[in-house]
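Structure, as structure tokens:
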Amino acid sequence: MPRQSSRWCLAAAAVVLLAGTAAFSQSSSSITFQSPAQGWNVLASSNPLPFGSTAAIHFNTDRLTQCRGNINGTTPGWTLTGYYQFNNGPVQSFWVAGFSSTPNPPAPSIPLHTLGTLAVWFENTSRWGCQAWDSNFGNNYLFTVQ
């Protein structure tokens, strides 16, 4: 009986290891939007981005500084929002920086669960009516998901 238990434990450990490896490989994508000082570069961790993964979004807030200001000196009166769209479908949004109505908002990311073209752009707004965009001059930032 001890031999069968050892085999079962070894098989279970292998399954856990494989599941962990698959989960890691699916979550390791990223898209980085660098600051003006870094040349405004936009870098994807791979091209194309892997279908089924989640792309972490690293947006340098120095890209959109027009709509800033704090309330009572400490609370941001501005919000930076990211938007994305697959294949000209419905637009989705995510919090990037500044004020959030959700306590402890999740880190910016995009689930890559649709094949094709991914468009990404950003909006900075303030409570005083200011609005500014980072959208590749209105063309949006385009990536392929395969």
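Backbone N atoms of region 112-140 closer than 13 Å to the 7 Å Cα→Cβ label point of N88 belong to residues 117.
Accessible area per residue for region 56-137 is 55 Å², calculated with a 1.4 Å probe on protein heavy atoms, without ligands, DNA or RNA. Compared with the direct C-alpha span, the chain from S46 to D62 gains 3.4 nm at full extension, assuming 0.36 nm per residue.
So if R0 is 25 Å, what FRET efficiency would Q131 and N70 give, r being the distance between their Cβ atoms, rounded to the nearest 0.05? Intermediate results must be reported in sequence, preceding the final value.
Values: r = 18 Å, r/R0 = 0.72.
It comes to 0.90.
The fraction of accessible area contributed by carbon and sulfur in region 54-146 is 49 percent, rounded to a whole number (1.4 Å probe; ligands and nucleic acids excluded).
Place the peptides 106-117, 74-85 in order of packing, highest mean first, counting for every residue the other Cβ atoms within 10 Å and averaging per peptide.
Taking the mean over residues of other Cβ atoms within 10 Å, the ranking is 74-85, 106-117.
Diagonalising the gyration tensor over the Cα atoms of region 27-146 and scaling each eigenvalue by 5 before taking the square root yields semi-axes of 26, 15, 13 Å, largest first.
The values are calculated or read from the model by the stated rules, or taken from the named source; none is laboratory data. No experiment lies behind these values; they were computed from the predicted model shown. Because the Cβ atoms are built from the backbone with ideal geometry, glycine has one as well, and the counts that use them run over all protein chains shown. Side chains included, ligands, DNA and RNA excluded: accessible areas come from the protein's heavy atoms. Shrake-Rupley method; radii C 1.70, N 1.55, O 1.52, S 1.80 Å.
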